[in-house]
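Notes follow once the structure below has been shown.
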C-alpha cells in the first residue's frame, strides 16, 4: 500500500510526501519520501529524497530523485532520475545443504553456512510517455537504463529495458492499474497491478487527466522501483522505482 499527497503552499509550489508499506514475511519494506514540487502551466518538476528500509537483512537505502513531467493534449512525457547516496549495504545470508549419510553409515543431516553479501542500490534513468486513447484510459510506453552509476555499478552491471502499463478510470475517485511494469536486459524486473483511490479537495480549470494531476500525479510517486534488495539481481525490481 502506498499513500501520498501534495500540500500547496502557493499556486506554483507545494510539498509532497509519501509512505510505502510493502511485502510480508521475509520481504517487508517501509518507505518514506518527501520533497518540493514546482508547477507551471504545462507540467511539474519535483525533487525528492526517498528512504527505504528493508526488514530482511536490516538494510537502509537513501535515494535522491528528480522528475519532470510535461503535459500535452493527449499524452504526457516524463523524465526521471534516481541516484543512491547510501553506503554499500550488507546482509547475512544462510545457505542450507542436505547431506546424505546413508553410504557412510551416518544419519542424514542438513548443514547450514552463513555468509555476508552486498545488497545492490542501483541508479535509474527513465523516460516514458503516458498516452490517453480516451479520457478514461491510459497507456504507458518508455525505456530505462540503470546501474551505470552509484556504489554498486561494477557488481550489478548496466541494464537497458522498457517501461509499460495500462490503466482505466472506473469512477472519478477510483483507477484500476491493470498492469504497471518495467524490465531490463539483466533480468531485473517489476510487474504490479492494483487500485488507486484519488481525493482532490479543489477542482482545477486545467485539462483533466486520468491520474488527477492536481491531486496526485503517479509519475511523482515514491521511488519504490529503485529500492533494491538482495533478490533484485535475481529478478524482482519495482523502482522504482
- Note on the structure: Residues in region 5-37 that are in a strand (DSSP E or B) and surrounded by fewer than 17 Cβ atoms within 10 Å (Cβ to Cβ) total 14
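Do we find that residue 88 is touching a helix residue (DSSP H, G or I) at 6+ places or on another chain (Cβ under 7 Å), within 17 Å of residue 152 (Cβ to Cβ), at pLDDT below 90 and surrounded by fewer than 16 Cβ atoms within 10 Å (Cβ to Cβ) in this structure?
no
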- Task: Might you check whether a residue that is under 26 Å from residue 142 (Cβ atoms), part of a strand (DSSP E or B), out of contact with any strand residue (DSSP E or B) (no Cβ under 7 Å at 6 or more places or on another chain) and at pLDDT 90 or above occurs anywhere in region 51-72?
- Result: no
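The values are calculated or read from the model by the stated rules, or taken from the named source; none is laboratory data. Keep in mind that what you see is a predicted model, and the values were worked out from it rather than measured. Positions of Cβ are backbone-derived with ideal geometry, glycine not excepted, and every protein chain shown enters the neighbour counts.
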